[in-house]
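None of the figures in this text is laboratory data; all of them are computed from the coordinates on show. All values reported here derive from a predicted model rather than from experimental measurement. Cβ sites come from the backbone with ideal geometry, for glycine too, and all protein chains shown count toward neighbours.
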Amino acid sequence: MSSNKIVLTSSDDESFEVDEAVARKLEIIPDMIADDKAILLQNVTGMILAIIIEYCKKHVDDVDSEAKNELVMTWDAEFMKNIDMETLFKLLIAADYLKVKGLIDLTSNTIADYVKDKSPKEFREIFNIENDYTPEEEEELRKQNEWAFKDLN
Amino acid sequence: MADEGRATAMAATGSPSNRHSDIIAKEAGDLISRLHDDILQLILSYLPTRFAIRTSALSRRWRHLWSDTWSLSFYRDRPDAAASINRILDRYRAPKLMSFRICSSRLDKLADMDSWINFAMSRNVENLSLDLDWGKYDIPDFLFINSSIKQLYLIFGCYTNDMNPKCSVSWISLKTLSLYDCNISDESIANILSGCPILESLSLLFCNKLRVLDLSKSPRLLTLEIKRYCDMEPTQLVAPHIRCLRLRNSGKPCALFDVSSLSQAELDIAVYKIVDFHQTMVVKMLEKCQNVEKLTLGANILKILSLAELRGVSFPKLKAKALTLDTMISRYVIPGIVRVLQNSPDLKKLTIQPMGSAFTYHIPEKHIDIYLDSHGLNWDQSWSSEFNVELKQVASFMQLVLKTTKTLELIVARVKGYIKGRCFVELRQMVPMLSRNNNVSIVLSSRKKRCRATG
């Protein structure tokens, strides 16, 4: 079993030494691994990178085609529970950049679950959306999608 | 995504109570408003379509985002949703649909279902999940010839729904197939199997007409799940290539099966009244799993094995390295557990989950008592019954396990929630000593949440 270590360095100079197998869960990495065992990730801060590495360590033995182990699913749920909203968004952006597929799905799903039944006002607050519709336009859209808005207050 | 039981819109992730008071700082707010469309669409794709559509009224940027995402799901929507679904499909813009899920319960008419399936197929759908849930609907023949679908979940929920393709099935990209409550015949399943050259995982849940399942010509099919109700006729199983089997057998005498490559198995049996042949049947199931490395035994199997043990039926030796016991701790399962442990000389890891499954058929205790009585046998009364949970019982059980098997390296006891409050705390205090004295790691944790299938 290879115990090759790779050093991942964040944009704010935090370094993490991990097994090569864990590093490879960041699918952007294989292109970057040459002889260099140290990789600089310019777009990711140390705090976020630490979380991503924790996820990758847990999932290093995942086999794509196998049904998700329920023990792992419980761990995933707990893992997400401890992360606040702001960090979740940063995590999603980083996971997308680093191409950590399982984490992208997990984080998107978690955010979706949270916003699912939020009112438009709350949704706009969370996503920092400025409403650029005129009141008439907005009303028109609601009418068009009447069915979807039916049990919304 | 996991595959068992009925489909839900998405896996449960839960929302923590601390998020409600989150205030997102201004800079984070800016960050979020600069999120790329792809990222927003990722999030939207996990929302049931009914919620995703609402976002079109948020701002101009969001107007069409929902229609470019790669998934559509209509899950237990209102009965009058059919017309709305048609309108939504008209406005959906993405050329490629990764996932299409529809649960039709409460929909007034299924008349449009054909056109919805057609729509999904025209967008090269990869994950298709149809939950007919008591609606009467015949799967259209055009669905059986398709080259894009990789995962297919069909839940029928009503015995008058047949699935018997009149043409030769061709699902050349299909890797996962799950049929629930389906009246599929032996010929039809054979037809399907020959049309799925790369099928890897098959679930046949409560398909009551199946008598013969021959997987010998499907060498890539490695995972099989079969569940039967207690009075269903058994299925003769020929599956020499499968590595992982999840089987809940019915109580009828089972024809022998070939599972010679098995490395992982979960076994249980659905019975209500106990008869003698159940014991031979269960021991035979165990024999078939002799070489399995990871073995899970359900509560009813352990009860019947215990009866077998009390009646002197002999057990095979097992090569299992990891054993999971999906059962509450009671006198009804102890003899069987002890014998299984004694017959597992390679066992390294033991997991006990008293509250594992939400769908267990519990053989009523009085049936077992009556059966034993009729054979002139007795339980060891030092163990209590199933629902009488005490710290003492769990602790004694752990000590019994440690005494019975000397090769263990790890015990995982998912007993938090099974024994509560102060008792759990006391147990946790006993663990380090037990662990040290026996040179075994002991982990106490809570029960797994059974996440039901996501299509």
Worksheet item: Given Cα pairs under 8 Å that are at least 6 residues apart, what percent is the relative contact order of the range B:156-210?
Response: 43 percent
Item to complete: List the relative contact order of the range A:5-116 as a percent without decimals, with contacts defined as Cα pairs under 8 Å and 6+ residues apart.
Response: 27 percent
Item to complete: Per DSSP H run of n ≥ 4, the term is -39500 (n - 2.57); total these for the protein assembly as shown, divide by its residue number, and report the mean residue ellipticity at 222 nm rounded to 500 deg cm²/dmol.
Response: -10000 deg cm²/dmol
Fill in: Ellipsoid equivalent to the range A:5-116 - semi-axes via the Cα gyration tensor, in Å
23, 17, 11
Response to the item:
Within the range A:5-116, the percent of DSSP beta bridges that are antiparallel, given to the nearest 5, stands at 60 percent
Fill in: Counted charge near residue B:343, where neighbours are those whose Cβ lies closer than 14 Å (Asp, Glu -1; Lys, Arg +1)
+2
Item to complete: Only loop residues by DSSP count here, and only those with at most 15 other Cβ atoms within 10 Å; note down the GluC sites (Glu not before Pro) in the range B:169-235 that meet that.
Response: none
Response to the item:
The Cα radius of gyration of the protein assembly as shown, divided by 2.2 N^0.38 Å with N its residue count, comes to 1.06
Response to the item:
If R0 = 60 Å, then residue A:20 and residue B:185, at their Cβ-Cβ distance, give a FRET efficiency to the nearest 0.05 of 0.75
Worksheet item: How far, in nm, would the chain grow between residue B:238 and residue B:436 when pulled straight, counting 0.36 nm per residue and subtracting the alpha carbon separation?
Response: 66.7 nm
Discussion item. Please compute, for peptide B:42-49, the average count of beta-carbon atoms on other protein chains lying within 10 Å of each residue's beta-carbon.
Written reply: 6
Worksheet item: So which GluC sites (Glu not before Pro) in the range B:241-347 are both in a DSSP loop and have at most 11 other Cβ atoms within 10 Å of their Cβ?
Response: none
Fill in: Net +/- balance of residues flanking residue B:62 in space, Cβ distance below 13 Å, scoring K and R +1, D and E -1
-1
Discussion item. Suppose every Lys and Arg Cβ carries +1 and every Asp and Glu Cβ carries -1, with no other charges. What dipole size does the protein assembly as shown come out with about its Cα centre, to the nearest 20 debye?
Written reply: 1760 debye
